[in-house]
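Accompanying notes for the structure given below.
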Amino acid sequence: MTLLAFAIPASIAAVGQVLLAWDWRIWLVIFIVGSVVLQHKGPVSAEEQASKVAKAAKRHQDAGDFQVAYLLLTRGLRLLGVFDNGTDTQKTGPTALELRRRRAELLLARGFTGPCMQEALSFSGPAAGLLRARALAKQGKWTEALEAMKEPGVRDYARDNYSDKFSLLVEVGARHMAGQIDVPMLMRAAIANNHYEIPGEAGPLRYQSPKLTREWIPGRGRGMIASEDIAAGELLICERPMDLVRPGDSDWAYGANLEEVLTRRLTARCLHEAQLMEDVCTLFDGQDPAGPGWVPHSWQTEDFAVPMPRGAGTPVLEYRLGRIVKHNAHRWPGCHPQTLTPMPGLGLWLVPPMVNHALESDSRPNTAHVFIGDVMVFRAIAPIKKGQEVLDRYSTPLADRFQWTLHTLAAHEMRDATYEAAAARWEEPPLLADGTSSELALSKSRKIMLESLRRMESKEPGNRGLDAVSRDEYQELKDSYFAAAAETRKELQEGRLEELPLAPPEVRCLNLLCPLSFHFEGRSSCLELRAELARRVSLARPFHFGEVKLWAELFERFKKMEEAGATFSAEETTLRAEVDRELARCAEFWQGVGTLPASGSEGHQLKEEFALWVKGSEGFHLMWFSDFPLSKFLSGPPTS
């Protein structure tokens with residue numbers, strides 16, 4: 001047997017290996033094609049053979065067998081001599097045109113948008129125009145898709161042969177591309193759908209400001225650069241996710257590794273959705289800055305099969321997608337669709353990951369984002385000059401432990417030297433495994449506050465009850481906090497702040513002072529300390545959802561108190577006016593400048609709608625204040 005194997009020429013042996021490796025469906029195709037030819041006793045024209053092959057292809061297409069259907073359609077075109085002499089010859093017979101059209105539809109169904117449009121160039125008419133429009137829409141080029149829909153007969157053909165809603169979808173998509181997005185409408189849609197997702201009727205929602213360009217930044221990798229001056233409040237990004245693992249999904253489980261779940265989803269989808277694979281692989285995978293091509297070679301019109309992603313059928317593909325998920329996925333603040341209990345999801349958006357994380361050394365970020373349903377929205381929170389990098393910060397300013405942010409950075413294989421030094425400065429060295437230390441000492445007022453906080457925390461008032469704390473101890477902590485906060489505000493105003501604008505121990509301090517103030521001083525002091533937390537978040541991260549949800553929760557608390565017949569003190573009346581102003585400022589920013597009337601019933605109603613959206617977006621779930629029953633809150637005196 002060995003001698004015989006060596007006696008066979010290498011080329012024949014190679015052919016044998018190929019034949020043995022063929023899928024059973026390919027042998028079935030050969031049998032079908034052969035049967036078509038053998039059934040005829042006399043001469044059979046190429047047109048007749050191709051027509052019979054086309055019928056067989058339709059059966060496989062209807063059965064969902066893409067590979068065999070595509071192979072048969074290509075075989076039919078070969079029978080007609082379309083690819084003779086190594087060139088793509090234009091054949092205008094009805095069978096050739098039908099084979100071309102159906103093959104273009106198959107390519108589009110699998111996300112091969114470029115090949116689909118190339119195939120559509122071989123024939124004309126409304127069918128070709130619709131295929132181009134659909135391919136351009138899948139690429140996110142809605143303005144160009146709208147132009148294709150304007151070609152003669154395309155709208156009618158789309159209505160009769162594809163969908164009576166596609167034409168409207170393209171028009172909405174083109175408006176979205178121009179930035180004409182009704183954000184208040186999206187918020188109302190999110191409320192109506194329990195914040196689970198924005199219904200498809202709202203349009204494609206794939207907007208990136210034309211003032212943003214993706215460039216290579218020395219020392220940072222790829223990032224978003226402002227190609228023109230950007231004003232504060234401008235809408236920068238509004239986008240649906242490419243994929244999102246939501247609570248309640250069949251593959252979602254409480255405590256599961258959502259990165260692994262999302263990676264498995266993308267791996268399965270990318271084998272059958274070429275445009276998705278192409279989009280996903282534009283994102284950074286933590287290794288090659290340029291990123292390898294998503295396919296090993298370009299599509300060839302005469303091939304019997306379409307290209308597969310690099311690494312398909314091996315662990316390589318899933319490994320790379322896992323790296324992309326690790327570096328680019330966003331936590332989604334969702335809730336379970338049945339119980340409405342707040343539970344996180346994890347999603348992958350196309351453009352948002354291209355906005356880099358701002359380190360503490362970058363000063364404050366110049367953008368912020370929120371989730372409206374499953375749509376991610378970015379706005380500029382400050383003027384951005386042409387040539388500046390567009391930066392967000394994906395850690396929360398409400399972290400009450402340094403571990404939160406350090407863990408988030410480590411999960412994305414990042415470090416922030418300034419933040420690590422701050423953690424050491426606030427005397428939490430066990431958090432830093434490499435022994436990082438700070439050159440700056442904590443200021444006297446901050447050190448006094450920290451020492452007072454630690455003494456208070458050692459009494460464990462959360463477990464042993466508020467009576468474990470004396471009034472003098474409470475007053476000492478409160479005074480030390482406001483002394484340290486006054487120092488931070490002064491340094492910010494003078495532009496010489498070298499400390500974090502809001503450190504985790506300060507968040508803990510305010511979260512502890514809130515129930516203690518209700519216990520020792522009454523409702524007014526408690527409300528004031530909650531508002532102080534909102535003010536501090538506003539100083540650190542303007543328009544961050546952490547600030548928005550604090551003002552919105554205070555707005556609703558005052559509203560519920562009023563509905564229950566509460567009488568407000570002078571201090572509470574003044575604070576309520578501030579809360580109304582701050583919520584209106586946040587609502588106008590996120591809904592769009594000019595959408596909120598300055599005063600009156602209409603303005604109040606819009607603020608109520610905005611607060612309702614915030615509440616449903618996992619907004620009112622922050623420590624004691626959020627959980628304390630309204631009835632007990634009302635029973636306490638305004639002041640003691």
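Points worth noting:
- Computed extension gain for T92 through F304, at 0.36 nm per residue and net of the alpha carbon distance, reaches 74.2 nm.
- Lysine pair count for the range 472-619 with Cα-Cα distance under 23 Å and sequence separation of 8 or more or different chains is 10.
- Three-way shape label, the range 417-520, alpha-carbon gyration tensor, a/c 1.5: oblate
- For the pair Q287 and K385, the difference between a 0.36 nm per residue extended length and the Cα-Cα distance amounts to 32.2 nm.
- Protection proxy ranking of 298-305, 73-80 - average other beta-carbon atoms within 10 Å, highest first: 73-80, 298-305
- Label-to-label distance, nm, for residues given as Y254 and A564 (7 Å Cα→Cβ offset): 2.8 nm
- CD proxy at 222 nm, helix term only [per DSSP H run n ≥ 4: -39500 (n - 2.57); per residue of the chain; nearest 500]: -16500 deg cm²/dmol
- Kirkwood hydrodynamic radius over Cα pairs of the range 322-472, then Stokes diffusion coefficient at 20 °C and 1.002 mPa s, in µm²/s: 115 µm²/s
- Packing here is the average count of other Cβ atoms within 10 Å per residue, and on that basis the peptides 568-575, 366-373, 354-361, highest first, run 366-373, 354-361, 568-575.
- Förster radius 56 Å - calculated FRET efficiency between A231 and R455, Cβ distance, rounded to 0.05: 0.75
- Taking other residues whose beta carbon is less than 14 angstrom from the beta carbon of K58, and scoring Lys, Arg as +1 and Asp, Glu as -1, yields +3.
- Between T418 and A312, the modelled label-to-label distance comes to 4.6 nm, taking each label 7 Å out from Cα in the direction of the beta carbon.
- Reciprocal mean inverse distance between Cα atoms of the range 206-392 - Kirkwood radius, Å: 18.0 Å
- Ratio of Rg to Rh over the range 45-177 (Cα coordinates, Kirkwood Rh, two decimals): 1.00
- Pairwise FRET efficiency - A178 versus H407, Cβ, R0 = 41 Å, nearest 0.05: 0.55
- In terms of packing, defined here as the mean over residues of other Cβ atoms within 10 angstrom, the peptides 495-505, 233-243 line up highest first as 233-243, 495-505.
- Rounded if a/c under 1.5, otherwise prolate or oblate - the chain, Cα gyration tensor axes: prolate
- Dividing the radius of gyration of the alpha carbons in the range 538-640 by their Kirkwood radius gives 0.96 for Rg/Rh.
- Stretching the chain fully between L466 and R264 yields a gain of 67.9 nm (0.36 nm per residue, less the alpha carbon separation).
- Dimensionless Rg over Rh [the range 495-569; C-alpha; Kirkwood]: 1.04
- Between the beta carbons of R78 and E171, assuming R0 = 30 Å, the FRET efficiency works out to 0.15 to the nearest 0.05.
Each reported figure results from applying straightforward, stated rules to the coordinates on display, with no laboratory input. As the structure is a computational prediction, the values presented were derived from the model and not from experiment. Positions of Cβ are backbone-derived with ideal geometry, glycine not excepted, and every protein chain shown enters the neighbour counts.
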